[in-house]
1. Return yes or no: is Ser63 buried (at least 18 other Cβ atoms within 10 Å of the Cβ) and either in a loop (DSSP other than H, G, I, E, B) or touching a Pro at 6+ places or on another chain (Cβ under 9 Å) (or both)?
2. Going by the conditions given, is Val110 farther than 19 Å from Asn58 by Cα, among the hydrophobic types (A, V, I, L, M, F, W, C), surrounded by fewer than 19 Cβ atoms within 10 Å (Cβ to Cβ) and touching a strand residue (DSSP E or B) at 6+ places or on another chain (Cβ under 7 Å)?
3. Among the strands (runs of 3 or more DSSP E) lying completely within region 192-253, list those that include at least 2 residues that are under 19 Å from Leu98 (Cβ atoms), out of contact with any Cys (no Cβ under 6 Å at 6 or more places or on another chain) and within 15 Å of the ligand (Cβ to nearest atom).
4. Inspect region 140-160 for any residue being away from the ligand (no atom under 16 Å from the Cβ), part of a helix (DSSP H, G or I), at negative phi and in contact with a Ser or Thr (Cβ under 6 Å, 6 or more places away or on another chain) and give the result as yes or no.
5. All but one of (1) over 28 Å from Ser133 (Cβ atoms); (2) crowded, with 19+ Cβ neighbours inside 10 Å; (3) modelled with pLDDT under 95 hold for Met204; which doesn't?
6. Which of (1) away from the ligand (no atom under 15 Å from the Cβ); (2) outside any helix (DSSP H, G or I) is the odd one out, the single condition Val87 does not satisfy?
Amino acid sequence: MTSIIVHGGAGTYSPGAEHEKALAQACEAAARVLASGGSACDAAVEATVLMENAPVLNAGYGSSLNLNGEVENDAAIMLDDMSCGSVAALHGFANPILAARYVMERTDHVLLVGCGADAFARHAGLVERDQRSPARIERYRRARAKLERGEDIHFMPRLRAFYDELRNDPDWDGERDPESGTVGIVVRDESGRIAAASSTGGMMLKLPGRVGDTGVIGAGTYCDCRGGVSATGHGEPVIRHGMGRALVEAFADVGAAGAMARVMRTACDESFEFGLIGIDATGDVAIGYSTQAMSWAAFEDGVLRTFLSHPIPRST
Ligand code: ASP
């Protein structure tokens with residue numbers, strides 16, 4: 001049995017038709033790769049490239065911008081034999097997942113960051129691209145204006161005070177460039193090989209150099225012979241709790257559904273906001289989220305299902 005599950009982020013956004021189409025197309029593309037004899041890894045990469053190219057998703061073109069108004073991408077891939085590669089704070093490449101795959105296949109390392117990752121991706125001949133879309137720049141402007149007004153930013157309660165310090169720091173160059181949908185996939189092919197991949201622009205207004213869970217193996221992306229996982233949502237608690245690995249470990253104990261229930265209890269106890277997709281060694285799919293919204297598409301037994309949850313409107 002082959003199983004494919006992709007997500008388009010968890011948070012407070014309202015996923016629309018374009019969002020759903022991008023996830024469905026990614027899922028179908030992964031299915032086509034498997035049907036033509038490609039590996040779980042090929043399928044995961046192909047689908048992630050398509051999601052990175054979709055401006056509506058926060059990965060590749062259309063990524064969120066950091067405090068300086070620049071895009072810094074994180075992406076990772078891991079296979080059931082525990083080979084893995086990732087990049088973080090990568091600047092200006094169309095498809096960060098290709099750089100992550102290249103780290104896995106060509107180096108002795110797991111994670112390359114910043115200017116080292118940029119030089120590596122350039123050496124690999126990957127296509128360079130300004131990842132800022134007009135829609136995402138507009139959202140950045142709105143978020144930045146909120147910060148200027150002294151309002152708190154979701155997930156970053158310390159940013160307001162820190163921002164005041166930065167503005168008075170003559171060495172800080174962040175003032176020069178005044179602005180969800182992280183993506184992930186898990187695939188299990190007919191022969192039982194599993195691959196998990198994730199890609200993101202990270203959180204809007206994050207500090208330059210911040211690395212989220214997506215590029216951290218064991219946190220936002222994890223895979224071994226027991227299953228694979230991709231996470232989304234508030235990256236810092238996902239790193240602290242090693243959510244990706246925690247879910248895969250629980251797969252071996254209690255299967256996909258039981259494992260998801262167990263890790264979701266942690267999320268609820270700790271009240272942090274995140275979403276997870278996973279596939280266990282038998283091909284069973286698990287999905288869970290503690291956020292207001294999450295989107296995903298799954299391909300199981302030849303049937304495509306898509307799911308978009310919307311935030312419940314708050315009464316004023
Ligand atoms: N987890 C990502 C991060 O913290 C963001 C997201 O999934 O929306 O960078």
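1. Against the criterion (buried (at least 18 other Cβ atoms within 10 Å of the Cβ) and either in a loop (DSSP other than H, G, I, E, B) or touching a Pro at 6+ places or on another chain (Cβ under 9 Å) (or both)), Ser63 qualifies.
2. Spelling it out, Val110 is indeed farther than 19 Å from Asn58 by Cα, among the hydrophobic types (A, V, I, L, M, F, W, C), surrounded by fewer than 19 Cβ atoms within 10 Å (Cβ to Cβ) and touching a strand residue (DSSP E or B) at 6+ places or on another chain (Cβ under 7 Å).
3. Values: elements: 194-200, 221-224, 227-233.
Output list reads 194-200.
4. Taking region 140-160 first, the residues away from the ligand (no atom under 16 Å from the Cβ) are 141-142, 144-152, 160.
This time we only want the ones that are part of a helix (DSSP H, G or I), so: 141-142, 144-148, 160.
Filter once more, so that each one left must be at negative phi: 141-142, 144-148, 160.
Next, from what is left, pick out any that are in contact with a Ser or Thr (Cβ under 6 Å, 6 or more places away or on another chain): none.
Scanning region 140-160 turns up no residue that is away from the ligand (no atom under 16 Å from the Cβ), part of a helix (DSSP H, G or I), at negative phi and in contact with a Ser or Thr (Cβ under 6 Å, 6 or more places away or on another chain).
5. Unmet for Met204, out of (1) over 28 Å from Ser133 (Cβ atoms); (2) crowded, with 19+ Cβ neighbours inside 10 Å; (3) modelled with pLDDT under 95: (1).
6. Condition not satisfied by Val87: (1).
The values are calculated or read from the model by the stated rules, or taken from the named source; none is laboratory data. Values in this document were obtained by computation on a predicted structure and should not be read as measured data. Every residue, glycine among them, receives a Cβ derived from its backbone with ideal geometry; neighbour counts consider all protein chains shown.
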